[in-house]
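The structure under discussion appears below in the form of structure tokens.
The values are calculated or read from the model by the stated rules, or taken from the named source; none is laboratory data. These numbers come from a predicted model, not from an experiment. Cβ placement follows ideal geometry from the backbone for every residue including glycine, while neighbour counts extend to all protein chains displayed.
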Amino acid sequence: MTDASTTLQVGRHDSTILVRIGGRVTAEFCPALKAFCSETGQVSCEELHVDLQECRYFDSTFLGTLLCLRGKFGEDNVVIVSPSEECMEGLKRMGAHVLFAIRDGSLPEEIEWTSLAENVTERDTFDFQHNVLEAHIELARVPGPMQKVYEPIARQAQKEFEQKFSWDTETVKIPRPK
């Protein structure tokens, strides 16, 4: 369930994609964020900086989406900037604080920001379900306690996805439904 007070803004500075989040970021926002990073990342972007200073909560799908984006930009090139106390506690509780570079500071001021907060994805859609599945598979790949927690969740998400969208497990690419 989305929170109307959530802000999700994106921009670009040199070869870096910038993301600024306020409020509660949940799975419904993740497909739009991922799509923006994929489209903008095609144009020689090398890093992703995610400002969580005003973020009060993120869910596991958001964290898994950041892990997916780490695969695109490189392990050291997805940077969390100034996480709020609540976000830092969440990262530490999940053991995810060691998975990302975390920096204090602020994003550049002279950025032309675009809001993605209106681009929420309905839970019943292919894009939403596919992103939830990918995010939880990434979480399940992290060795240790995170793997133990998210492996059964990823298996269940895969099962539900297969049933709903006729996933072909013999292929690497997930076919889009007709």
Quiz prompt | Subset of the range 96-120 that is over 18 Å from T7 (Cβ atoms) and loosely packed, with under 14 Cβ neighbours inside 10 Å - its residue that is farthest from the chain's Cα centre (by Cα) | solution = E110
Quiz item: Across the range 128-158, which residue is nearest to the chain's Cα centre (by Cα) among those that are not in a helix (DSSP H, G or I) and not charged (D, E, K, R)?
Solution: V142
Quiz item: Could you count how many residues in the range 12-44 are assigned to a loop (DSSP other than H, G, I, E, B) and not hydrophobic (A, V, I, L, M, F, W, C)?
Solution: 5
Quiz item: What pairs come up if the first residue lies in the range 150-166 and is among the acidic types (D, E), the second is at pLDDT 90 or above and surrounded by 13 or more Cβ atoms within 10 Å (Cβ to Cβ), and their beta carbons are under 6 Å apart, counting only those six or more places apart or on different chains?
Solution: E151/A140
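Tell me which residues, restricted to the range 94-109, are without any contact (Cβ under 8 Å) to a residue 60 or more places away in the chain and more than 16 Å from V149 (Cβ to Cβ).
Scanning the range 94-109 gives F100, A101, I102, R103, D104, G105, S106, E109.
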Exercise. Identify the residue in the range 45-86 that is in a helix (DSSP H, G or I) and β-branched (V, I, T) and, among all such residues, is nearest to I17 (Cα to Cα).
Key: T65
Quiz item: Taking interchain pairs and intrachain pairs at least six residues apart, which have beta carbon atoms under 8 angstrom, with the first residue in the range 111-123 and closer than 11 Å to L33 by Cα and the second part of a loop (DSSP other than H, G, I, E, B) and not small (G, A, S)?
Solution: A117/T6; V120/T2
Quiz item: Would the range 35-46 turn up any residue that is within 12 Å of the chain's Cα centre (by Cα), crowded, with 19+ Cβ neighbours inside 10 Å and at pLDDT 95 or above?
Solution: no
Exercise. For residues that are assigned to a loop (DSSP other than H, G, I, E, B) and closer than 14 Å to D51 by Cβ, tally how many sit in the range 87-115.
Key: 9
Quiz prompt | In the range 121-153, the residues that are buried (at least 17 other Cβ atoms within 10 Å of the Cβ) and modelled with pLDDT under 90 | solution = T121
Quiz item: Considering only the range 63-93, how many residues are among the hydrophobic types (A, V, I, L, M, F, W, C), within 20 Å of G144 (Cβ to Cβ) and either surrounded by fewer than 22 Cβ atoms within 10 Å (Cβ to Cβ) or touching a residue at least 60 places away in the same chain (Cβ under 8 Å) (or both)?
Solution: 5
